[in-house]
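Read the structure below first, then the notes.
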Amino acid sequence: MTVPLTVVADNTFATPVNQNPLSLGTDLVIHSATKFLGGHADAMGGAACGDAKLVEPIYYFREITGAMLDPMAAHLLIRGMKILPLRIRRQNESSLCIARWLQAQPAVEAVFYPGLESDANHDIAVDCWAGYNLASAQRIAQALEPYNILYLEDPMLSSNVEAYAQLARETSVPICVSETLATRYEFRPFLEQKACDVIMYDATWCGGVSEAKKISDMADTYLIPTSPHTCGGPLLYICSIHLCTAIANFLIMESNYWKYTHQFPYFVNNVPVPEQGQVKALELPGIGAEIKPELFKNGDAVVATVAKL
């Protein structure tokens, strides 16, 4: 039974710098702006973010109760938010230093902090969506080096292998390319020129599952791991899980919380959900997906003949 609940997340202490609950499927996010957003404990306020239909009643309640910021408080909060990324970054760095110091103390049995390399939830992958040039990518990689991240994905467009090769030579951060490439022939120059440390492909875009397997095998000859991209549709996600069970150089498979909990179940009855960082391949015929039959009745899906035997 599906229960229509509204999910609200209090993101006061994580702040938008460390976490964006809306991108994880939350309906509404609230903040006590008095704390980290303001940063100086000298102004009182709050914030609610989300769909306009959910925010509108809050806005109306604020109007009729008169709970609004005075000009000085608004000025102080704006001042604090301007330096929010700088403050949170320094706090993260300080927290990591304290955690590492505690970890080195003989009297401390265990330290549970995701920033520690030894933590079970430590692995962090950074996706840049090919949004930067070489100079910017160099600065980003340098800034990320102290955090021992899993890899830096698509920091630049994948159209210049030489630029990627230069970046890979200059940083200790593993470089991952690229869901935008198609066929093993576009991946080969990156491997030959040592321009990447991880190969990521999308089985939908790279030429299909068979081609994805060939790309993985080719990368394996260079001792390069592969990390399939699955942020597409449910059939890509389910098919990629099967693919991962058949490649020797599998590293991790990408997954998207909002998609497998909200979007994919609209189309498929038996969407695999990760548990403790692992997901199981379906064991039904084919790729095992139980596509909802109502999609073909309500007009959401179109059946077309592409070839006749």
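Just a few scattered comments:
- Options THR305, MET253, SER240, ranked by Cα towards positive dipole end of segment 165-309, top entry (Cβ charges): THR305
- A straight line joining the Cα centroids of segment 149-176 and segment 75-130 runs 24 Å.
- Lys pairs under 21 Å by Cα in the chain, provided they are eight or more residues apart or on distinct chains: 7
- Rounded to whole Hz, the Karplus (6.51, -1.76, 1.60) HN-Hα couplings of segment 65-80, x for glycine and proline: 9, x, 7, 10, 6, 7, x, 5, 5, 4, 4, 5, 5, 4, 4, x
- Annotation: Cα Rg of segment 153-269 relative to the compact-globule expectation 2.2 N^0.38 Å equals 1.07.
- Amide hydrogen neighbours beyond the local backbone of GLU153, cut-off 5 Å, H modeled: VAL126, ASP127, CYS128, CYS176
- Each pair of Cα atoms in segment 8-82 enters the Kirkwood radius, and Stokes-Einstein at 10 °C and 1.306 mPa s then converts it into a translational diffusion coefficient of 122 µm²/s.
- Per residue, the convex hull spanned by the Cα atoms of the chain amounts to 214 cubic angstrom.
- Cα-centred dipole magnitude for segment 166-263, charges only on beta-carbon of K, R (+1) and D, E (-1), debye, nearest 20: 80
- The P(r) of segment 43-103 has a tail past 18 Å containing 59 percent of all C-alpha pairs.
- In degrees, nearest ten, helix 183-192 long axis to first principal axis of the chain (Cα): 70
- Gain on full stretching of the segment that runs from TRP129 to LEU86 - 0.36 nm per residue minus C-alpha separation: 13.2 nm
- Within-14-Å neighbourhood charge of ALA43 [Cβ basis; K, R +1; D, E -1]: +1
- Residues SER23, SER158, SER95, SER178 in ascending order of nearby Cβ atoms (within 10 Å, fewest first): SER23, SER95, SER158, SER178.
- Student exercise, the chain dipole from Lys, Arg, Asp, Glu Cβ charges, in Debye to nearest 20: 340
- The C-alpha atoms of the chain define a longest principal axis, and helix 134-144 lies at about 70 degrees to it.
- Each peptide among 129-140, 166-177, 283-294 gets the average number of other Cβ atoms lying within 10 Å of its residues, and from highest to lowest they stand as 166-177, 129-140, 283-294.
- Rounded to the nearest 20, the size of the Cβ-charge dipole of segment 123-296 about its Cα centre is 120 debye, with Lys and Arg at +1 and Asp and Glu at -1.
No value in this document is a laboratory result; all are computed from the given coordinates. Since we're looking at a predicted model, the values are computed, not measured. FYI the Cβ positions are ideal-geometry reconstructions off the backbone, even for glycines, and counts take in every protein chain you see.
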